[in-house]
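Any read-out appearing in this document is the output of simple, stated calculations on the displayed coordinates, not a laboratory observation. Being a predicted model, the structure only gives us computed values, none of them experimental. So basically every Cβ, Gly included, is an ideal-geometry build from the backbone, and we count neighbours across all protein chains shown.
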Amino acid sequence: GESVGLHLPTLSVQEGDNSIINCAYSNSASDYFIWYKQESGKGPQFIIDIRSNMDKRQGQRVTVLLNKTVKHLSLQIAATQPGDSAVYFCAENTLTQGGSEKLVFGKGTKLTVNP
Amino acid sequence: DGGITQSPKYLFRKEGQNVTLSCEQNLNHDAMYWYRQDPGQGLRLIYYSQIVNDFQKGDIAEGYSVSREKKESFPLTVTSAQKNPTAFYLCASTMTGLTPYEQYFGPGTRLTVT
């Protein structure tokens, strides 16, 4: 079945270190993946996305890696800052039975950045 | 500014009452979605709509209803049939096309039913 999960529910890093957040997915037909950041009491914010025809995509201080062989997705945050503290969700785009597209979200990883 | 608005931010209701959550977007997006989020959990899809006057059930539609009379608006009604309505509700929208796009989220409505 389709599911998206995360290896670690919490991650604590020191300010300035690099952070790596992992995600496993099960639907090999998924063609699009997104990372979201959610601060407490707010809606998720888009961070970066990647399509299945790519292995790597870079943004500002963030990199997403996609390994289709083992169905694994990771988010790397360089020089982590206190403002990066939040819950991070991965999501995969799948097709519904009716042919529409929907996102399936993982449970999230809480990132805490220590000063 | 373009975006998605949800109102109110906090909502309190007594058990047995229906309540409607508002979601409006001015992004000209065709597709809109409603999610429910419980503490420490991911987002679960309640209902979604790809086009005006059409909508489909998501994974947890029981006890909820929606309408899509206008492109900009996708209100969600939490009915008295929903057994555990207290949660954080998130609305999202996205463009539609040949390839998928990211969903944009509103700020959420926290519903408390006592």
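Of note:
- Number of partner chain Cβ atoms within 10 Å, mean per residue of B:99-110: 6
- Relative contact order (percent, whole number), the range B:1-92, Cα cutoff 8 Å, 6+ residue spacing: 32 percent
- For a straight C-alpha distance cut-off of 14 angstrom, the aspartates and glutamates reachable from A:Lys37 (same-chain residues fewer than eight places away being disregarded) are A:Asp49, A:Asp84, B:Glu102.
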